[in-house]
1. Under 9 Å between Cβ atoms, which residue pairs at least 6 apart in sequence (or on different chains) link something in region 118-145 that is at positive phi with a partner that is part of a loop (DSSP other than H, G, I, E, B) and more than 16 Å from the ligand (Cβ to nearest atom)?
2. Can you give me the number of residues within region 93-104 that are part of a loop (DSSP other than H, G, I, E, B) and away from the ligand (no atom under 15 Å from the Cβ)?
3. Within region 368-410, how many residues turn out to be more than 16 Å from Lys435 (Cα to Cα) and among the polar types (S, T, N, Q)?
4. So which of Ile263, Ile334, Ile238 is at pLDDT 95 or above and over 30 Å from Leu423 (Cβ atoms)?
5. Restricting to region 342-373, and then to whatever is closer than 28 Å to Tyr99 by Cα and of a type in the set (D, E, K, R), can you tell me which residue is surrounded by the most Cβ atoms within 10 Å (Cβ to Cβ)?
6. Return the only residue of Ile297, Ile327 being in contact (Cβ under 8 Å) with a residue 12 or more places away in the chain and surrounded by fewer than 16 Cβ atoms within 10 Å (Cβ to Cβ).
7. For region 50-92, which residues satisfy the criterion of being within 16 Å of the chain's Cα centre (by Cα) and outside any helix (DSSP H, G or I)?
8. Looking at Leu209, is it assigned by TED's automatic domain parsing to the domain that holds Ser328, in contact with a strand residue (DSSP E or B) (Cβ under 9 Å, 6 or more places away or on another chain) and not charged (D, E, K, R)?
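The values are calculated or read from the model by the stated rules, or taken from the named source; none is laboratory data. Here the structure is a predicted model, which is why all the values come from computation and not from measurement. Neighbour counts are summed over all protein chains in view; Cβ atoms, including those assigned to glycine, are modelled from backbone coordinates with ideal geometry.
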Amino acid sequence: MPGHKGKANIYDVTEISTTDNLNSPEAEILKAQRALSRCYGSVQSFFMVNGSTGAIQAMVKYASIESNYPILVSRNSHKSIFAACMMFGVDIITAEDEYDDTLQTFVFDETLYIDLINKNNLSAVILTSVDYFGRVIDLAKIAILCKEKGILLLCDEAHGSHFNMNDLLPQSAMRYADICVHSPHKTLSALTQCAYIHVSSTSIDLERLKSIIYSLQTTSPSFLLLESMDSARYEAEIGAEKWAARAEQADNIRTRLNEIEGIMALDAEWARAAGCSDKDETRLVIDVSKIGSGIEIGKMLESKYGIFMEMYSFKHIVGILTPQDDISWDEKLIRAFTEISNGKSLKQIQTPIYPKAGERRISMHKAFESRWEKVMLKEVAGRVSASLAGSYPPGVPLILPGEIITEQQQEYMLTIKNLGGSLFGIEEGYINCVKGEL
Ligand SMILES: Cc1ncc(COP(=O)(O)O)c(C=O)c1O
């Protein structure tokens with residue numbers, strides 16, 4: 001193996017005596033993982049080949065073995081966190097973060113979490129910092145409380161593997177979390193599908209975590225991915241100045257975008273207004289709501305200017321800047337926004353109100369294991385969902401399995417669909433719902 005004998009790709013090798021084995025590393029992979037751990041200042045770090053999704057599954061499974069208590073999960077979490085809890089039968093308590101319809105983002109309220117941690121027996125708290133908008137939360141108080149109560153603090157920092165590279169970028173959550181997950185394919189130069197798990201606390205049972213990681217991962221990991229994770233770490237380590245330069249250029253892009261009529265590039269103040277402590281300079285968040293919807297203008301950037309950004313929502317367009325960007329891209333972006341703004345008359349768009357979560361009828365796990373039927377999205381209100389569903393990106397579910405789908409949620413998703421946005425959990429206009437009476 002591989003069957004292509006090097007013809008498809010000479011570097012696509014398998015576990016032989018001169019390589020190593022990801023599921024019991026003793027040579028090159030072990031050395032590379034140790035270099036990774038040194039770079040991030042962790043107790044131990046691991047390569048993962050199924051994205052942060054796989055790394056989150058490992059974290060959740062670890063927490064569920066440590067204790068039978070539920071995990072506290074923020075509503076503003078990526079679907080992979082809910083999906084891991086659903087599949088492993090882990091009970092969750094959802095922190096219902098408020099959604100601010102003016103800012104068009106979730107708001108982080110530390111007191112909500114402190115209260116829930118004080119009132120409940122929990123095995124772990126999972127928080128996302130940094131989120132898709134580059135917003136970082138201050139974990140200090142929550143970390144102290146979790147430590148006092150013997151609760152694990154797990155962090156989804158998928159979008160933050162470039163943090164700590166220099167002072168212009170936010171501090172990594174690794175400072176507070178017991179275990180942290182990174183997607184180096186999102187902001188570093190690793191190939192798509194790569195992830196790191198970092199253990200920051202000496203109280204984590206490394207043998208148990210390793211056994212979970214080795215059980216969840218393929219026995220045939222791609223060496224292309226493994227090599228790229230090692231290279232991405234090396235490039236990040238030697239590239240601190242490039243990150244500083246890109247953060248400064250990002251500031252310049254924001255200033256220039258803010259000079260264009262109807263365009264607003266958001267900064268850390270905007271993140272603070274939603275309870276966050278900081279914002280990643282290299283995450284471009286552009287409010288276009290004065291000239292149209294983010295989805296409409298995002299599509300225009302793609303079709304007319306060949307510019308592909310990361311995320312389009314009703315109000316925002318989000319872009320990820322890295323040192324790998326071609327500098328001419330910055331000029332192209334400014335030109336495109338200038339032209340779009342010139343060609344559009346100013347009109348405030350009406351954005352739909354973000355719907356509240358429906359009432360929970362059964363646990364996510366029970367809904368997942370129940371009998372299902374497909375229901376058309378336009379007729380789904382009142383049914384109990386068997387699926388995680390919402391818009392992608394950012395992949396934060398609007399609907400969780402076991403919850404009743406409300407009319408407002410149905411309408412919200414239909415609006416996204418009609419505007420040409422992308423949804424997950426809906427296939428060909430249908431969503432899986434629990435079958436029969438409950
Ligand atoms: C916040 C967050 N966490 C986790 C994930 C999952 O990461 P991956 O695609 O590497 O599996 C994503 C993906 O977009 C994400 O945005």
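1. Matching pairs, first to second residue: Gly134/Glu281.
2. Within region 93-104, the first condition is being part of a loop (DSSP other than H, G, I, E, B), and the residues that meet it are 96-98, 101-104.
So of that shortlist, the ones also away from the ligand (no atom under 15 Å from the Cβ) come out as 96, 98, 101-104.
Number of matching residues: 6.
3. Looking only at that region, the number is 5.
4. On the way: Ile263 fails: over 30 Å from Leu423 (Cβ atoms); Ile238 fails: at pLDDT 95 or above.
On inspection, the qualifying residue turns out to be Ile334.
5. Keep residues of region 342-373 that are closer than 28 Å to Tyr99 by Cα, which gives 346-368.
Then keep just the ones that are of a type in the set (D, E, K, R); that gives 347, 356, 359-361, 366.
Values: Lys347: 11, Lys356: 14, Glu359: 10, Arg360: 15, Arg361: 15, Lys366: 17.
Among those that are closer than 28 Å to Tyr99 by Cα and of a type in the set (D, E, K, R), it is Lys366.
6. Details: Ile297 fails: surrounded by fewer than 16 Cβ atoms within 10 Å (Cβ to Cβ).
Result of the check over Ile297, Ile327: Ile327.
7. Hits for region 50-92 are Asn50, Val73, Ser74, Arg75, Asn76, Ser77, His78.
8. Details: assigned by TED's automatic domain parsing to the domain that holds Ser328: no; in contact with a strand residue (DSSP E or B) (Cβ under 9 Å, 6 or more places away or on another chain): yes; not charged (D, E, K, R): yes.
Against the criterion (assigned by TED's automatic domain parsing to the domain that holds Ser328, in contact with a strand residue (DSSP E or B) (Cβ under 9 Å, 6 or more places away or on another chain) and not charged (D, E, K, R)), Leu209 does not qualify.
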